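For reference, the structure discussed in these notes is given below.
The values are calculated or read from the model by the stated rules, or taken from the named source; none is laboratory data. In this text the structure is predicted, and so the values were computed from the model without any measurement. Cβ sites come from the backbone with ideal geometry, for glycine too, and all protein chains shown count toward neighbours. Protein only, heavy atoms only, side chains kept; ligands, DNA and RNA dropped before computing areas. Shrake-Rupley method; radii C 1.70, N 1.55, O 1.52, S 1.80 Å.
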Amino acid sequence: MESAKIVYAIADNIISGLGSDTTANADSVFAEKTGIGLVDDKRLYPEPFLAQHINDNDLEESAIYRQTANMHRLERLMITSASKALSQTAVDTRSDNVVFIFSTTKGNIRLLEGSEKVPNDAFLDQLAKRVANFFGAANTPLVISNACISGVLAQVTAIRLLKSGKYATAVIIGGDELTEFVISGFESFQSVSAKPCKPYDANRDGLSMGEGVATLIVSTDPSLAGEQRIMLAGGASSNDANHISGPSRTGDGLFFAIQNAMAEAEAEISDIDLIDAHGTATPYNDEMESKAIGLAGLNEVPLLSLKGYFGHTLGASGLLETIICIECIRRGIRPRTLNFEQLGVPVNVNVSTSTGPAKLRTILKTASGFGGCNAAIVISTEKSGKLYPPETGSTTISTCTIADKKIWRNGDTVYTGNDSDDFGQFIRGAFKAIAQPYMKFSKMDDLCKLALTAAEYLTEGENLADCGEEGVALLLGCRASSLDTDLRHQKVIEVKEPYMPSPAIFVYTLANIMQGEICIRHKFKGENLCLVAGSKEECENFLPGYADLLLAEGRAKKCIVGYADFLQGKYEAELKLIEKKP
Amino acid sequence: MDNLIEQLKQQIIDELNLEETTPADIDPAAPLFGDKGLGLDSIDALELVMLLEKYYGIKIPEPKQAKEVFTSVNSIAEYIKANKK
């Protein structure tokens, strides 16, 4: 039987420098007021820089914020945000029908400061569990850590889990702090503009940093949906398979995500009243987006970027911006893309240049990020989206395990390293034994080398080209995320004279880069998901079931699903290639 | 100049993690970027900017200028000679 579930957005909250609830934040946007200003704080960056950030003093009026003073700052912000959203609705957070989904890139990354080892609370699953436990959550929370698309991808994940009936309600919480860790990294990429960012403008030259925390609660329970029903009608993700930091030169990856999200939502081009894209105002991102919007035939649709108001709020951005879109629908106002003056992207898109009343029924929200990842969702008052077909399960085509200097394929030992090898020697030897020389390999961090090598053995002799460009989905879990490389970047930035953060290290401080590397090598442009959990078992409890959903729905012909983890010399990878049960 | 070129080759290999490459593999006149030659990318370009600052105290102010300077090992060596204090 098909599941007839509709996903309603039922409650939300945004905390940023523009306010501590959705209304205050949306009011600022509609008044064309930015939160971006000059920050001069040597603890964050040696020179003054532009950013939007949360003022902790504004939160002191919140009893919950005061109560949680013994927790880490990001956890307190997340708890405060989620409490405010939960207070608007009758969701019982203790019910086993409710799942907490977190969207963050770096979590409690500040805890690495001055530390040789990784403190327990720096693991992303620990942050999620501490916040979820505060609300008495019955289920293990999920952490989606997929670079800048995390917030949109967390919603895509929620749509699927709810439509398939696995849960009735998802509490989606997103956030990242403004830290020296990320500022120094983006600065090393020369991605930060000296002026407030100018999305899609001819004179744009980079992004503005931002800080925010947001909560969106979605449910299939119509009694919680409120009077003006707003639905998450469809969503999708994709990979550019082009470069780990540079976006696609054609826009095809983002186009695939847009096309698939609109197909699930059963939305035509003429149904889309507004696009709220990622619009970071880096030269290449905005260029790529214009091409993707052109490929989708959406050039005429008003195009919004909210980065001029909030800056780039990283793990919060997809969620925070979705909530503003929901508020645009509720109030019937279309905002302008702040700081935009003159079109400077190759495809002639219709950038929103004035704030005013507009009938908004359906909005397309997109995001793109490092690792070549893209995601899109459709938010609508009239589209509820396709029903999901029943799940049929999957069969395993091949398996690959890497542990203890050995590689097994389908249960047989296929490579054994030397006893004296360290991880670097072992993995280089293992890769060389199966693959032609590959320039990119030596530049990768150890997590990527591990995952790429596992994928190499897993897919050996398999003809995956037959699946088509978007036919292979990549769903990977890990425990330590990118913490091994995070420690390296932290060490680099603790040297102040000379201060030389390295882009080649920083780019690997995101766990989903391992997917990007696999996608680039194998030209996989299908669905992507990077889950961070407390153990391999926790990943196994979620990912295979999620893969079956994608296969049943026809989003992928085959899935690479599994676990790859590396931290300070300890490693394990276990991947499976699966397909739908015939 | 020859010494500088050999030194640069080794620094590029070390700083850009080109494990499989030896200085002898690098033709100083060959393009560093694109499909031919070393096949470096945009992240490598940023690392090269840092390399010049770290070892030679030279800053490249404009990204556009970096593109010309980083054409080949020879062009980097010439730029260093012209700008080193």
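Note on segment A:92-113: residues that are open to solvent by less than 70 Å² (accessible area, probe 1.4 Å) and assigned to a loop (DSSP other than H, G, I, E, B) total 7.
Any chance you could count how many residues in segment A:10-47 are of a type outside the set (A, V, I, L, M, F, W, C) and outside any loop (DSSP other than H, G, I, E, B)?
10
Residues in segment B:27-43 that are hydroxyl-bearing (Ser, Thr, Tyr) and either away from chain A (no Cβ under 12 Å) or assigned to a strand (DSSP E or B) (or both): there are none. Summed over segment B:4-15, residues that are open to solvent by 40 Å² or more (accessible area, probe 1.4 Å) and more than 11 Å from chain A (Cβ to nearest Cβ) total 4.
Could you tell me which residue of segment A:72-86 is surrounded by the most Cβ atoms within 10 Å (Cβ to Cβ), considering only residues that are of a type outside the set (S, T, N, Q) and touching a residue at least 60 places away in the same chain (Cβ under 8 Å)?
Top of the filtered list is A:Met78.
When you check A:Ala194 against the structure, is it more than 14 Å from chain B (Cβ to nearest Cβ) and at negative phi, yes or no?
On the way: more than 14 Å from chain B (Cβ to nearest Cβ): no; at negative phi: yes.
It is false that A:Ala194 is more than 14 Å from chain B (Cβ to nearest Cβ) and at negative phi.
Here A:Lys106, A:Lys5, A:Lys84 are screened, and the one residue that is closer than 20 Å to A:Gly318 by Cβ, among the basic types (Lys, Arg) and in contact with a Phe, Trp or Tyr (Cβ under 9 Å, 6 or more places away or on another chain) is A:Lys106. Residue count for segment A:530-578, restricted to those that are within 21 Å of A:Phe256 (Cα to Cα) and in contact with a helix residue (DSSP H, G or I) (Cβ under 9 Å, 6 or more places away or on another chain): 12.
In this structure, A:Gly554 does not satisfy being of a type in the set (Gly, Ala, Ser), open to solvent by 10 Å² or more (accessible area, probe 1.4 Å) and either in the same structural domain as A:Ala261 (by TED's automatic domain parsing) or more than 24 Å from A:Ile149 (Cβ to Cβ) (or both). Against the list (1) assigned to a loop (DSSP other than H, G, I, E, B); (2) open to solvent by less than 20 Å² (accessible area, probe 1.4 Å); (3) more than 14 Å from chain A (Cβ to nearest Cβ), the condition B:Leu18 fails is (3).
Just one of the numbered conditions (1) closer than 19 Å to A:Val213 by Cα; (2) open to solvent by 50 Å² or more (accessible area, probe 1.4 Å) is not true of A:Tyr65: (2).
When you check A:Ala316 against the structure, is it at positive phi and open to solvent by less than 10 Å² (accessible area, probe 1.4 Å), yes or no? No, not satisfied. For A:Asp484, indicate whether it is more than 14 Å from every other protein chain (Cβ to nearest Cβ), under 30 Å from A:Glu47 (Cβ atoms) and assigned to a helix (DSSP H, G or I). Here the answer is yes, as A:Asp484 does meet what is asked. For segment B:66-76, the set of residues classified as open to solvent by less than 70 Å² (accessible area, probe 1.4 Å) and more than 13 Å from every other protein chain (Cβ to nearest Cβ) consists of B:Val69, B:Phe70, B:Ser72, B:Val73, B:Asn74, B:Ser75, B:Ile76, listed by residue number. Among the residues of this structure, A:Glu177 does not count as one that is within 21 Å of A:Val507 (Cβ to Cβ), open to solvent by 30 Å² or more (accessible area, probe 1.4 Å), among the acidic types (Asp, Glu) and touching a residue at least 12 places away in the same chain (Cβ under 8 Å). Restricted to strands (runs of 3 or more DSSP E) entirely inside segment A:364-422, those with at least 1 residues that are aliphatic (A, V, I, L, M), under 22 Å from the mean Cα position of the chain (by Cα) and closer than 29 Å to A:Glu579 by Cβ are A:373-380.
Okay, residues lined up against (1) modelled with pLDDT of 95 or more; (2) over 26 Å from the mean Cα position of the chain (by Cα):
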residue	(1), (2)
A:Ala9	yes, no
A:Ile14	yes, no
A:Gly19	yes, no
A:Thr22	yes, no
A:Ile36	yes, no
A:Pro48	yes, yes
A:Glu61	no, yes
A:Ala82	yes, no
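Looking for something out of contact with any strand residue (DSSP E or B) (no Cβ under 6 Å at 6 or more places or on another chain), of a type in the set (Ser, Thr, Tyr), modelled with pLDDT of 95 or more and not assigned by TED's automatic domain parsing to the domain that holds A:Gly246 - is there at least one such residue anywhere in segment A:430-452? Within segment A:430-452, not a single residue is out of contact with any strand residue (DSSP E or B) (no Cβ under 6 Å at 6 or more places or on another chain), of a type in the set (Ser, Thr, Tyr), modelled with pLDDT of 95 or more and not assigned by TED's automatic domain parsing to the domain that holds A:Gly246.
Matching residues to (1) exposed (fewer than 14 other Cβ atoms within 10 Å of the Cβ); (2) at positive phi:
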| site | (1), (2) |
| --- | --- |
| A:Gly371 | no, yes |
| A:Ala375 | no, no |
| A:Ser380 | no, no |
| A:Glu391 | no, no |
| A:Lys406 | no, no |
| A:Ser420 | yes, no |
| A:Gln425 | yes, no |
| A:Lys440 | no, no |
| A:Leu447 | no, no |
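Scanning segment A:427-438 for residues that are open to solvent by 40 Å² or more (accessible area, probe 1.4 Å) and of a type in the set (Gly, Ala, Ser) turns up just one, A:Ala433.
Which of the residues that make up segment A:502-539 are of a type in the set (Gly, Ala, Ser), buried (at least 24 other Cβ atoms within 10 Å of the Cβ) and within 14 Å of another protein chain (Cβ to nearest Cβ)? If you could, list the steps in order and put the result at the bottom.
The first filter runs over segment A:502-539 and keeps only residues of a type in the set (Gly, Ala, Ser), leaving A:502, A:504, A:511, A:516, A:526, A:533-535.
Okay, now just the ones that are also buried (at least 24 other Cβ atoms within 10 Å of the Cβ), so A:511, A:516, A:526, A:533.
Matches in segment A:502-539: A:Gly516 only.
Taking segment A:217-251 as the range and being surrounded by fewer than 21 Cβ atoms within 10 Å (Cβ to Cβ), closer than 26 Å to A:Gln515 by Cα and charged (D, E, K, R) as the test, only A:Arg249 passes. Contact annotation: residue pairs with Cβ atoms under 8 Å, 6 or more positions apart or on different chains, pairing a residue in segment B:47-60 that is touching a residue at least 24 places away in the same chain (Cβ under 8 Å) and within 11 Å of chain A (Cβ to nearest Cβ) with a partner that is among the aromatic types (Phe, Trp, Tyr) and open to solvent by less than 20 Å² (accessible area, probe 1.4 Å), are B:Leu48/B:Phe70.
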